[in-house]
Every structure is written in C-alpha cells, then in structure tokens.
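Only one structure is covered here, and it is reproduced in the block below.
The values are calculated or read from the model by the stated rules, or taken from the named source; none is laboratory data. Since the structure is predicted, the reported quantities are computational estimates derived from the model, not experimental observations. Neighbour counts are summed over all protein chains in view; Cβ atoms, including those assigned to glycine, are modelled from backbone coordinates with ideal geometry. The area values use the complete protein model at the heavy-atom level, side chains included, leaving out ligands, DNA and RNA. Shrake-Rupley method; radii C 1.70, N 1.55, O 1.52, S 1.80 Å.
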Amino acid sequence: MQEDAQVAAEQATNAEELPCAEELGLSFSLNEQGQVYAHLAPNLNTRPLTEQEISVLADEAGYPREQYPFFREGVAALLLGLQRKQAGDVCLGGARDAHLEVFASRDSLLAGVQVHPALGQGQDLTLENLQASLKSARVVYGVCEQTLETIVREASDPQVRQAQTPLCFLVAFGEPAQEGINARLDILVDQVSDRRPVKDDKGHINYRDMGEFPFVEPETPLVRKIPAFEGKDGMGVHGRKIRCYRGRDIRLRLRDDSVMLDPEDENLILAAKPGLPVILSDGALVDDVLKVEEVNLQTGHIDFRGSVLVKGNIDADMRVKVTGDIFVKGLVEKAYLEAGGNIEIGGGVLGLARPIEESKPSLLAPNPGDAVLQAQGHIQARFIQEAWVQAGAHVIVQRQILNSSVQAQTYVSVLGEGRIVGSQVQAVHYIEAGILGSNSSVSTRLQVGLCDEQKAQLIHLDEALQANHERMQQLKALVAKLKLSQKPIPEAKKEQILKAKHTLQLQAQELLTQQTACETEIKARQSGRIHARKTCFAGVQIEIAGQDIKPRNTLGKITFFLKEGEISMR
C-alpha cells in the first residue's frame, strides 16, 4: 500500500511539473478527415517528452487518445522533433480506414493480401472493397471467397483493431502447369555398358574381366517404349495461361529383320534371331557376334557383317571393320578399327610414340603412327594415346587422352581426375576431364559447339529458297501471259503448270523444314561447355562456337561456356 501511494505521488508530481503545450511550443488541431496534427514551434522551454506526456497534452487540448488513437509513425516523428527542437507539423493520430496491399508470387501461382485494420473511428474493411482491390491488382483466378469473408470478419474484430497488427492471408491459388514427359525406351536386357568386374574362383576381383557380353534368344523382349505425356497448361492467378513443356514422342524403328514388334504390344520390340542386343535411340537390333582370341597375322584382317569380340589384343597394322560393335578385352596398338555401332576397349589404345614437336594431333587426318578408331556409336577405353578417334556419339575414357585427336558428335568425358594433354579434342555438347593441359605448356586444344558446317548449310538453304521463289514468280508470269493472250489453254499445258506449281510448293516446304532444323541445331551447339573438375593449366586453347580463349594462368575447378557471344567462366 505504501508503495502504491508512493507511485501515485510521483505521477502527481510529474503531472504538476509538465508545462502546458503552449509553453513547450506545441499545439494541436483537427483536419477535415478527423486526423489530429501536432504543430511544433520550438522555444526556450521546448524539451524532449515521453509518449505518455504527449498523450496528456493532447488530452488537455481536447483530443483524448481513446477517440483519436496515435499513429506509431506520428508519435516517433514528434518525439524526434522535440528531441532535435525541429519545427514542423506531424500527423499524430486520428481516424484511419482499413487498407490493404495485394501481393503475387513471381510464378503467378499464389496471391495474398496484407490488411491493416481500421484505426479509431476509421471505416472497417468491407468485402466489396477487398474484391475491388483484388480486381485492381488483376487477381481474377483461383480466388477463395471463403477466405475473403474470413479476412473481413477478422479485420473488424475489436481486439485486432486495438492491437493494430497487420493480417496476412493467401487468397488466390493458380493451377501449375503439368510439364510434359518425353517418351523413353525402357531397356529390358543387359547391355555391354552394364558389365561389372567379376570375382574369380578364389574370390578375387579381376578388374580386367568384365564378364560375358549379353546374348539374347529369339522372342526375347529388348526395349519397351514408354509413351510421352504431352503435358497440361496451367493458369496463373492473373488469369494468364502458364505454358507447359510438350513431351516428345519416339517413333520406334525396326532397322532390319533381327528384331520385330510384339504382335500384342506395338510399343515392345522383340529379338527375331539370336545374337548381341544393341540398343539404339529409337529402337534396337540384334547383331551376330564373331569371337576371336586375338587379331594378328594368324587371323588376318577382319571385315565382318555383325559384331566382333576380341578376347585378347589387336596387333599393330591390323584392320577390323564391322557393321556392328567391336569389343576388345585387351590392348589396341597402331591398328585400324571401324564400327557401324560402338567400340569398347578394356585395355586402352596405344599408337606409336613420337616426339610432340614432330607432328601435332590433327582432326583432319591421322599421323602415320596413330591408331585409328572410327565408330558410328560411342567409343570407350581405359586410355587413348597416340591415336586418331572419331565417334558418332560420345567418347568416355577412364584415365587420359594423350597426344591424340578425338572427335565426338555428343560429348567427350575423361572420368575422375583423368586428364587431356597434348591433344586436339572436339565435341558438339561438352568436354570434361579432371585436368586439362599440363604445366609443361604442351599444346592442348579443346573445341565444342562448332557450327561452321551448319552455317554454310543455312546459307545454301537460303539460296535454294530464293531460287525456288524466283521459279515460282516465273511460273506466275507465264500463267499471266497465257491469260492475256485470250487463247484457249490446252489441258495438257494446264496439267503441266499445276504439276510444276505443286512441285515448287513441296520443295519450298521441305527447304523451310530443313532451315528450321538447321537453326535449331546451331542454337543447341552454341550451348556447349568445357569443364575441368580439378585443374585447367595455362595455355590450353578453349574454343566454343567459333569463339576462343587461352587462359594465361592456371585455374582450379572451372567451366567455360558461351554467354552473349563471348566465352565466360564459372
């Protein structure tokens, strides 16, 4: 009791010590909107006040806080003005209508509102005002009416008004696009690339023995096409359609009589004869397999329609040419290998060593001592040294590419910390290795995304389209001339003119299709990249889509790519 009496006495003393507003250079007024303004004209008696003291002065001026609640920002501004003795007018408080802000996510799938409750005698939020604000912000799709009613009800709650805490709600939900899925091939048999090291009779793992190559019997399921899902467009909260990616289909192809479609399932390809299954991007086929121990003087050159399995090595100066795949468990020396499918070498490729300065690797033609590998599909080897390599798909090497020329129609990858040194390597999409070049500054050139051939083809197509257009104009001129002559046109002549017109239209359509495909290919090639997982030494020549760069300093993990026509690094 004594403590309460002491506090009350102190408050009374403070109230007695508080000068009136005029003495402090402070006055109050009410505008037409029902808002209280504080006018500060500092004098010698002006001093800092507390919020409670300002409330007392406003109450004395006839503006009690219960009827004219303070604005937080107004009180802060007045307190600062009193502290600095800075003249000015401050909107201190009064009535404030409820108001709100509308927000939408960047992907247009969500929209929300932040509602500031009414203050004092201000008007509460109405459903009509809320709906009008959403419409003004163009939020027209997926609006939850039940949520709007909840917002209006809660914003008018006395406790919420008194607390003046903003309310946040999600009020509209868009419909996301369902992205399409490309058709794919479900591979139903083991492939050569699926082989793994096997254990011998003693339980030891022999990394050089990858087991038997896969073999199928007739009517064995090879691949099943999983049809594409086209996708479904979505709708944003602003009422605009969200485009989806359209899934692309695969047209299954039966390359020859080694495969057939399942009579009961048009998406299933079966083997029609025994042999080695070869999986393609649009189907499969079954190759006959020729198995030999070695390729040397005893066997002679091999020219075979099918695939070849070499259990040992391929000696220097020997030739192996097949329509299918070449599988070599041993080493390939300075030999010539040509495959209509893939080439996979377990031991590596080793041509004749030569001083680097005598003959540099070239993509145009092999050097005299090079091993030569050409495949319509991919090429895999443990290492490639002193070789000239061309692949219709990718090239994968486990350890290194040294003093060689390598060209791939998709990508070249040296696994792990493997390196590319003293070589010229070219790919369409990307080149990657652990280490690029060496600290001895041996010439290493890496190229991706070259499109000179496509650009030349594009020029040729433009010229062909122009020539087609000129012939069409000539044909139209001939028809106009015949009409002016006012002579009957023989039926044979009419048929000849119509046939020529139809032929020109078909040619133009085909040329436009080729032009579009060529432009798409150029764009795809320009997205190529070159990546070093660990180190890129200074002096390595990097070339992407005709732009080149040669780093002056040794770099760590780095990726080179094309951005706005220039080579960038990340």
Worksheet item: Over 32 Å between Cα atoms, which of Lys321/Lys523; Lys321/Lys534; Lys232/Lys501; Lys241/Lys523; Lys241/Lys499; Lys241/Lys501 qualify?
Response: Lys321/Lys523; Lys321/Lys534; Lys232/Lys501; Lys241/Lys499; Lys241/Lys501
Item to complete: Just report the Cα centroid separation between region 459-527 and region 361-376, whole Å.
Response: 43
Worksheet item: Got a sec? Which residues in region 412-435 would a label at Leu364 touch, if it sits 7 Å along Cα→Cβ and we count backbone N under 17 Å?
Response: 424-426
Practice prompt. Using a 1.4 Å probe over the heavy atoms of the protein chains, calculate the carbon and sulfur portion of the accessible area of region 454-525 as a whole percent.
Written response: 58
Worksheet item: Dipole size in debye (nearest 20) for the chain around its Cα centre, Lys and Arg Cβ +1, Asp and Glu Cβ -1?
Response: 3080
Discussion item. Under a crude label model (7 Å from the Cα following the beta-carbon direction), how far is Arg138 from Thr323 in nanometres?
Written reply: 6.1
Response to the item:
Quick tally, 1.4 Å probe accessible area for Arg240, Arg419, sorted with the most first, runs Arg240, Arg419
Discussion item. Can you tell me the length gained on complete extension of the stretch Leu280 to Asn439, counting 0.36 nm per residue apart and subtracting the Cα distance?
Written reply: 53.2 nm
Worksheet item: (1) 1.66; (2) 1.09; (3) 1.15: which one is Cα Rg over 2.2 N^0.38 Å as calculated from this entry?
Response: (1)
Worksheet item: What is the gain in length, in nm to one decimal, between Leu465 and His238 on full extension, counting 0.36 nm per residue of separation less the C-alpha to C-alpha distance?
Response: 77.4 nm
Worksheet entry | Value at 222 nm in deg cm²/dmol, rounded to 500, when DSSP H runs of n ≥ 4 in the chain each add -39,500 (n - 2.57) | -8000 deg cm²/dmol
Worksheet item: Which FRET efficiency, nearest 0.05, do Ala353 and Leu415 yield, Cβ-Cβ r, R0 25 Å?
Response: 0.55
Worksheet item: How much of the accessible area of region 228-380, in percent, comes from carbon and sulfur atoms when a 1.4 Å probe is used?
Response: 48
Practice prompt. Please name which of Phe229, Ser258, Tyr245 has its Cα lying farthest along the dipole of region 226-266 towards the positive end, using unit charges on Cβ (Lys, Arg +1; Asp, Glu -1) and the Cα centre as origin.
Written response: Tyr245
Worksheet item: Measuring from a point 7 Å past the Cα of Ser29 along Cα-to-C-beta, which residues in region 77-118 have an amide N at less than 20 Å?
Response: 77-79, 81-82, 86-96
Fill in: FRET efficiency, Lys483 to Ala456 (Cβ-Cβ, R0 51 Å, nearest 0.05)
0.80
Practice prompt. Would you work out what percent of the accessible area of region 99-173, with all protein chains in place, is carbon or sulfur (probe 1.4 Å)?
Written response: 51
Worksheet item: Of Ala61, Gly74, Gly565, which is farthest on the positive side of the dipole of the chain, counting Cα position, with +1 on Lys and Arg Cβ, -1 on Asp and Glu Cβ, and the Cα centre as origin?
Response: Gly565
Item to complete: With a probe of 1.4 Å, find how much accessible area the chain has per residue, and write the answer as a whole number in Å².
Response: 57
Item to complete: Under 18 Å from a label point 7 Å along Cα→Cβ of Thr516: give me every residue in region 251-271 with its amide N that close.
Response: 251
Item to complete: May I ask which residue of Gly369, Ser27, Asn439 lies farthest towards the positive end of the charge dipole of the chain, with charges of +1 (Lys, Arg) and -1 (Asp, Glu) on Cβ and the Cα centre as origin?
Response: Gly369
Worksheet item: How large is the charge dipole for region 228-358, taken about the Cα centre, if only the Cβ atoms of Lys, Arg (+1) and Asp, Glu (-1) carry charge, to the nearest 20 debye?
Response: 720
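For Ala41 and Arg255, compute 0.36 nm times the residue count separating them, minus their Cα-Cα distance, and round to one decimal in nm.
67.5 nm
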Worksheet item: So, by mean Cβ neighbours within 10 angstrom, what's the order for 38-46, 479-487 with the highest one leading?
Response: 38-46, 479-487
Worksheet item: Under unit Cβ charges (Lys, Arg +1; Asp, Glu -1), what dipole magnitude, rounded to 20 debye, does region 454-525 have relative to its Cα centre?
Response: 420
